[in-house]
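**Student:** Quick one: structure below, then a few questions.
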């Protein structure tokens, strides 16, 4: 508004004609020298564009709207950064960053697949053969001696379970640490540090002399992976194009099941022909170039400043007060203080609760799914190995397809919601200038909102519950596979939307901590306690697989209810924001109207002076 009044050269009137600027002379015909000032960047951009259009003699209201939208977007972007000038390295582009993080995700989750591979884990000495058909003398000798990781270190299945648990401990400890360090240390460098720790940990696993050293290396791998888990999603949120943030998050999270599946295949091949140590060694070599690039390239950083508010002075005072409070505490007290502050946000707290109920079911599926399938359809699957292969491939396909479809779907629904919102504005204000001014408030809604993602996640949770229950009620094997595939696809469709809610429901500089708390919640309250609880209920029900699986699937419905309630709270907040924007736009429109009337009066006075 200020720029439009300051730059009167070549400005068009509401009637469509061009307004002549008044001559810069006083009554005594002496020229007036205006003061030399450097206008803001936005003013120079607008002045250059306006003069160019004046020289061409073109009048295009659509170009005005597009330029105004660009200026609004730039202002919004500048308000979210700590520096007035954002300098990015030469290698950087949003797509390159996405491709880099997808490669890192695949490499990190490849490690999880390697540990889960049967050829790497092997079997303890004296265990039964891994294949029911292996009844020859060589197979019996190999079974008595043991093979793989368990055979070399002479550990049983319970000790092997501890190997996976210590990795989770490292992940849960490292995620909050890296999230707090990101407030004072460059986040991209922290990711490179985590990649280096993972490479060292995998190399240590390959060279482990005993089981105790192997446990320590798995903790180091978990701590290193925590840096990426806590910091990667905020980077994608910062640099994804408008209207595609959730879709880009889905690209990142679909690499999780793909990396695990690839690791199982890779570990099976390398572990069978070269030994389990070479599988870890190869993964360490894969991480080295990724670590070298992130460590030596010019870094980028996360946005650190929260969005501006109407009362900037009050916001500044509150930020200074929080800084003083943080300086008086040690690192543990700071973490507890920041965590409690986030948990007081209702939408974030409900999202963590719903995500934990959802992860509780996924933990059961990952630990007991193939065993349940073999117990229900032993005649069709023949062997446990076939059950692992069939249900594993099905889960990987549904994970990749569902995650990608969820990101695309929620952005599509957000686009439809934006169009509906703009139509309501046009109906309320008409299609004149006022409608164009009011529609600028809808431009900020190009991305899906928190409420959109929560409602979409609730929808997916309910349908996942329905189809998975139908699948475990089916007596036909192919019906079981079909309904299970549909149910798992719906379950994976909410991965990207819910992680987007975790990012968008908290202040900007608290996003790494929000991701860390989410990681802790879904493991501590979700997929870690659910497998042993499932086993306990299975024993109590005399191995009634159908009933126990359907009972745990009910947690999908509980998660859907929690997501829906959180969506209602977020939707009420969105409506308040829309109302505030409309009030501000009405005020701007009133000021614009008064300015247009004054400009028309000045134009008439100028024309009268010329006639005189």
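**Student:** Which order do the peptides 191-199, 94-102, 336-344, 360-368 come out in when sorted by mean C-beta neighbours inside 10 angstrom, highest first?
**Tutor:** 191-199, 360-368, 94-102, 336-344
**Student:** What is the log10 of I(q)/I(0) for the stretch 92-304, computed with the Debye formula using one identical point scatterer on each Cα and no solvent, at q = 0.11, 0.15 Å⁻¹?
**Tutor:** -0.55, -0.92
**Student:** By average Cβ neighbour count within 10 Å, what is the ranking of 494-502, 460-468, 263-271 from highest down?
**Tutor:** Final packing ranking: 494-502, 460-468, 263-271.
**Student:** While we're here: For the stretch 92-304, what does the relative contact order come out to in percent, with C-alpha contacts under 8 Å and a separation of six or more?
**Tutor:** 35 percent
**Student:** Pulled fully out, how much extra length does the chain show between residue 169 and residue 212, if you take 0.36 nm times their separation in residues and subtract their Cα-Cα distance?
**Tutor:** 14.0 nm
**Student:** Please label the shape of the stretch 451-504 as rounded, prolate or oblate, based on the square roots a ≥ b ≥ c of the eigenvalues of the alpha-carbon gyration tensor (a/c under 1.5 means rounded; beyond that, a/b larger than b/c means prolate, else oblate). Numbers along the way, then the final one.
**Tutor:** Details: a/c = 4.81, a/b = 3.01, b/c = 1.59.
Judged from the Cα gyration tensor, the stretch 451-504 comes out prolate (a/c at least 1.5, a/b above b/c).
Just so you know, all these numbers are worked out from the coordinates, no wet-lab data involved. Predicted model, so just to flag it, every value in this text is computed and none were measured. Methodologically, a virtual Cβ is constructed for each residue, glycine included, from the backbone with ideal geometry; neighbour enumeration extends over all protein chains shown.
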